Amino acid sequence: STRGSIGESINEGALLGVLDDIGVRGGHFLLADIVVMVEGITGVGPVEEWMLKWPELVEYRDRDRVRIVTYPLDVSSTSNEDFDFDALLSVNHNLVLFFDRDEDPETGVSSPCYDKLEALCNESRPPVLYHRIREKRCLEDLFSARAVLEALPPDKWGWTYQEESESSPYSQVKAHLGKIRDHKRKLKNQNRRIARAMTVDEMKAELDIV
């Protein structure tokens, strides 16, 4: 059952240490029935918006009164020698992780910390549920062209959508802002708004969201 999860006992010092490693506030983590951890603080908003629209998940949450909390995950923390994945699971074992593929576009080699996190999930007993983006490189590449165009109109943001480009619509906006030396964080702050503009059909068309 996913309700009322407590996990094994852990002393307060260890608890705070484990949660601090990944940048999580203890109260949120402990009170949730299910914790969905998403890479990066700007990745939380889109996943929350997608979950709010997903029909089956909305029904499950409303019917069973399941409390789902979404929180950012610092993937690089797994590279620390003292990172204790088992201790994290002892705090709340109803954990789902969502993180990028993070492969170098030229070499195809991913960062070791991403591979380590995936291995930790698979080697855990029972295995930890996770989704590592496969079809695209990162979460922002999952945004539909229509949603990006709606949330970031070319006439206001000064970019031109190239439908035949191999780059995602989001990456096209990012490249434009880079050329004019605009702060890229300005774009990241729009992630939730773009995800909110996506339809359920657009979400289901992306295998990495499904």
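The values are calculated or read from the model by the stated rules, or taken from the named source; none is laboratory data. Quick caveat, the model's predicted, so the values are computed rather than measured. Cβ coordinates were reconstructed from backbone atoms using ideal geometry, including for glycine residues, and neighbour counts include every protein chain displayed. Heads up: the accessible areas ignore ligands, DNA and RNA and are worked out on the full protein's heavy atoms, side chains in. Shrake-Rupley method; radii C 1.70, N 1.55, O 1.52, S 1.80 Å.
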_Residue tally, condition within 11 Å of PHE85 (Cβ to Cβ) and assigned to a loop (DSSP other than H, G, I, E, B), over the range 97-125_ = 1
*asked:* Here is a list: SER165, SER171. Which entry is open to solvent by 30 Å² or more (accessible area, probe 1.4 Å), among the hydroxyl-bearing types (Ser, Thr, Tyr), over 30 Å from ASP84 (Cβ atoms) and in a helix (DSSP H, G or I)?
replied: SER171
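Taking the stated definitions as given, is GLU135 open to solvent by 90 Å² or more (accessible area, probe 1.4 Å) and closer than 20 Å to ASP102 by Cβ?
Yes.
So that you can scan it fast, the table gives a plain yes or no per residue for (1) within 16 Å of PRO46 (Cα to Cα); (2) at pLDDT below 95; (3) among the basic types (Lys, Arg):
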position	(1), (2), (3)
GLU135	no, yes, no
LEU139	yes, yes, no
ALA147	yes, no, no
SER167	no, yes, no
HIS176	no, yes, no
*asked:* Condition first: open to solvent by 40 Å² or more (accessible area, probe 1.4 Å) and either in contact (Cβ under 8 Å) with a residue 60 or more places away in the chain or not aliphatic (A, V, I, L, M) (or both). Now tell me which residues in the range 142-156 satisfy that.
replied: ARG146, GLU150, PRO154, ASP155, LYS156
_So in the range 183-205, with the set limited to residues that are modelled with pLDDT under 90 and surrounded by 14 or more Cβ atoms within 10 Å (Cβ to Cβ), which one is nearest to ALA151 (Cα to Cα)?_
LEU187
*Of the criteria (1) of a type in the set (A, V, I, L, M, F, W, C); (2) under 28 Å from VAL200 (Cβ atoms); (3) in a helix (DSSP H, G or I), which one TRP159 fails*: (3)
*For the range 1-87, list the helices (runs of 4 or more DSSP H) that sit wholly inside it and hold at least 1 residues that are at pLDDT below 70, open to solvent by less than 50 Å² (accessible area, probe 1.4 Å) and under 26 Å from ASP100 (Cα atoms); which are they?*
12-22, 26-31
*Mind checking whether some residue in the range 120-127 is on the phi > 0 side of the Ramachandran plot and either open to solvent by 30 Å² or more (accessible area, probe 1.4 Å) or not basic (Lys, Arg) (or both)?*
no
